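Visitor: Take this structure, written in structure tokens, and hold onto it; I'll ask about it next.
Read-outs: derived from the displayed coordinates by stated rules, not from any lab. Bear in mind that the values here come from a model prediction, so they are computed numbers and not experimental data. Every residue, glycine as well, gets a Cβ built from its backbone with ideal geometry; the counts of neighbours run over all protein chains shown.
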Amino acid sequence: GEDVEQSLFLSVREGDSSVINCTYTDSSSTYLYWYKQEPGAGLQLLTYIFSNMDMKQDQRLTVLLNKKDKHLSLRIADTQTGDSAIYFCATGGGFQKLVFGTGTRLLVSP
Amino acid sequence: EAGVAQSPRYKIIEKRQSVAFWCNPISGHATLYWYQQILGQGPKLLIQFQNNGVVDDSQLPKDRFSAERLKGVDSTLKIQPAKLEDSAVYLCASSLPGGPSTDTQYFGPGTRLTVL
């Protein structure tokens with residue numbers, strides 16, 4: 001089955017850029033997603049990218065997709081303490097079920 | 001617009017007991033999902049409903065888990081009997097059917113289950 005991997009932890013200083021990485025195995029995924037989960041809360045969709053795109057920018061968020069290497073990244077510019085959370089990448093969408101990665105805990109220090 | 005509602009938020013039971021979770025999706029959302037999120041892992045889909053029909057229950061442990069969605073609105077997920085490894089957060093999500101812009105899954109806050 002589909003396997004989605006992420007690094008477990010990332011620590012940055014406020015104002016720096018954060019880059020969260022994800023690798024996946026199923027090249028047939030139609031869409032790739034980034035979700036954010038704050039403590040005690042459900043998942044919130046941040047952004048998604050269609051599989052035939054290389055890049056998508058949405059305000060402070062930039063998503064890069066390298067289909068050859070099956071690598072997805074999320075860059076958060078000017079990271080704030082409010083960005084501290086767990087970030088999940090997920091593949092699938094449309095008529096395919098979502099498969100989530102293990103999550104990356106982002107800690108932003110002042 | 002009200003979000004996805006779940007209850008209870010927390011539940012502690014002993015192994016071999018039964019437990020039920022309730023979910024009320026966003027009004028008008030035809031698709032409803034139940035996920036299991038074990039500590040330190042990403043959510044795993046247990047079951048997906050389209051209106052009141054099951055679309056995918058391939059990862060639902062059917063010997064102990066059951067789910068229903070009567071009248072295509074609210075849904076309940078039941079575990080009977082519970083095992084220690086069922087300790088997790090159970091997330092409910094709903095979406096409009098279609099491509100990603102309309103297929104965005106909106107998640108509830110989850111029910112944290114602890115089995116002792």
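Visitor: Given Cα pairs under 8 Å that are at least 6 residues apart, what percent is the relative contact order of chain A?
Guide: 38
Visitor: Per-residue ellipticity at 222 nm for chain B, helices alone: DSSP H runs ≥ 4 residues times -39500 (n - 2.57), over residue total, nearest 500 deg cm²/dmol?
Guide: Working: 1 runs with 4 residues, N = 116.
For chain B, the value works out to -500 deg cm²/dmol.
Visitor: Let me ask another. Under 1.5 on a/c is rounded, so check that first for the range A:39-104, then, if it is not, pick prolate when a/b is larger than b/c and oblate when it is not; a ≥ b ≥ c are the square roots of the alpha carbon gyration tensor eigenvalues. Working shown, then result.
Guide: On the way: a/c = 1.94, a/b = 1.23, b/c = 1.58.
Verdict is oblate for the range A:39-104.
Visitor: Would you mind classifying the protein assembly as shown by shape? Square roots of the alpha carbon gyration tensor eigenvalues, ordered a ≥ b ≥ c; an a/c under 1.5 is rounded, otherwise it is prolate if a/b is larger than b/c and oblate if not.
Guide: prolate
Visitor: Please build a GNM for chain A, connecting alpha carbons under 10 Å apart, and tell me which residue among A:F50, A:F100, A:F88 fluctuates the most.
Guide: A:F50
Visitor: Right, here's the next one. What fraction of the DSSP beta bridges in chain A is antiparallel, stated in percent and rounded to the nearest 5?
Guide: So the antiparallel bridges amount to about 90 percent of the total.
Visitor: If I take R0 = 25 Å and measure r between the Cβ atoms of B:E68 and A:Q96 in this structure, what FRET efficiency does the formula 1/(1 + (r/R0)^6) give, to the nearest 0.05?
Guide: 0.55
Visitor: Want the number for B:Q50 to B:L96: 0.36 nm per residue separation, take away the alpha-carbon distance, what's left? Let's see the in-between values first.
Guide: Working: separation 46, 0.36 × 46 = 16.56 nm, distance 0.95 nm.
The B:Q50-B:L96 span can extend by a further 15.6 nm.
Visitor: Take every residue in peptide B:41-48, count the Cβ atoms of other chains within 10 Å of its Cβ, and give the average of those counts.
Guide: 5
Visitor: A further question on this structure: Relative to a virtual label point 7 Å from the Cα of B:L39 in the Cα→beta-carbon direction, which members of the range B:61-100 show backbone nitrogen distances below 13 Å?
Guide: Taking a point 7 Å out along Cα→Cβ of B:L39, the residues of the range B:61-100 whose backbone N falls under 13 Å are B:85-89.
Visitor: What is the distance in Å between the Cα centroid of the range A:49-110 and that of the range B:1-69?
Guide: Each part reduced to its Cα centre gives a spacing of 25 Å.
Visitor: May I ask you to derive the relative contact order of the range A:1-61, considering only C-alpha pairs under 8 Å and at least 6 residues apart, and to give it as an integer percent?
Guide: After rounding, I find 24 percent.
Visitor: Same structure again: Within a 10 angstrom radius of each residue's Cβ in B:31-37, how many Cβ atoms of other chains show up on average? Whole number is fine.
Guide: 2
Visitor: Shifting gears a bit: Return the FRET efficiency for the residue pair A:K68, B:T114: r is the Cβ-Cβ distance, R0 is 25 Å, and the value is rounded to the nearest 0.05.
Guide: Rounded to the nearest 0.05, the efficiency is 0.05.
Visitor: Determine, for each peptide in B:56-62, A:32-38, the mean count of other beta carbons within 10 angstrom over its residues, then list the peptides with the highest first.
Guide: On the way: B:56-62: 14.1, A:32-38: 21.9.
The peptides rank, most packed first, as A:32-38, B:56-62.
Visitor: Who wins for biggest fluctuation among B:T76, B:T104, B:T31 in a Gaussian network model of chain B, springs between alpha carbons below 10 Å?
Guide: Of B:T76, B:T104, B:T31, the Gaussian network model singles out B:T104 as fluctuating most.
Visitor: Output the relative contact order of chain B, whole-number percent, from Cα pairs under 8 angstrom with separation of 6+ residues.
Guide: 36
Visitor: Given axes a ≥ b ≥ c from the Cα gyration tensor, I'd like to know whether the range B:60-116 is rounded (a/c under 1.5), prolate (a/b larger than b/c) or oblate. Show your work: numbers first, answer last.
Guide: Values: a/c = 2.65, a/b = 1.81, b/c = 1.47.
Taking the square roots of the gyration eigenvalues as a ≥ b ≥ c, the range B:60-116 is prolate.
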